[in-house]
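Below is one structure; the comments refer to it alone.
Here, each number is a calculation from the coordinates, and none is a lab measurement. Keep in mind that what you see is a predicted model, and the values were worked out from it rather than measured. Ideal geometry is used to build each Cβ from the backbone, glycine not excepted, and the neighbour counts take in all protein chains shown.
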């Protein structure tokens, strides 16, 4: 499996970049899994009072909910990113958020300061809001997922991290 991370600040184009990358990878025939990091303290997929919540409240450490159109697996604990990635069978995992994994990444931002703060030795490009204003920054390309997703995915095919 190959990994690409899209990280940056709120409202800088992370989700747009991720969804455009996923769409283009699928168009090219790849299977794609995705993950999103959420920093909201009150976040929970399951809500109090649902049947699955009652299962977990009774002590189940893993709850699987099977529906007509999806199956959800709820682990009643936080997981390390490597453990989560072990669950994937897809060709690519596209991850939104800074999950602390040393892997190829694309940084989104509105300002040069945003880009400088989030980039690291694994950054392969910049995208998001700033990519509409410039073609490069600090020796790396700035590629808009809205107008040039093919070029962005060409770079991902070439430089994504193999796990």
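Could you tell me the calculated FRET efficiency between residue 27 and residue 162, based on Cβ-Cβ distance and R0 = 25 angstrom, to the nearest 0.05? It comes out at approximately 0.70. When the P(r) is computed for the chain, the part past 21 Å accounts for 50% of the Cα-Cα pairs. Between residue 47 and residue 64, full extension at 0.36 nm per residue minus the direct alpha carbon distance yields a gain of 4.7 nm. When peptides 76-85, 112-121 are sorted by average Cβ neighbour count within 10 Å, with the highest value leading, the order is 112-121, 76-85.
Length gained on full extension, residue 138 to residue 102, computed as 0.36 nm times the residue gap minus the Cα-Cα distance: 11.0 nm. Along each principal axis, taking the top coordinate minus the bottom one, the Cα set of the range 1-97 gives 43, 29, 26 Å in descending order.
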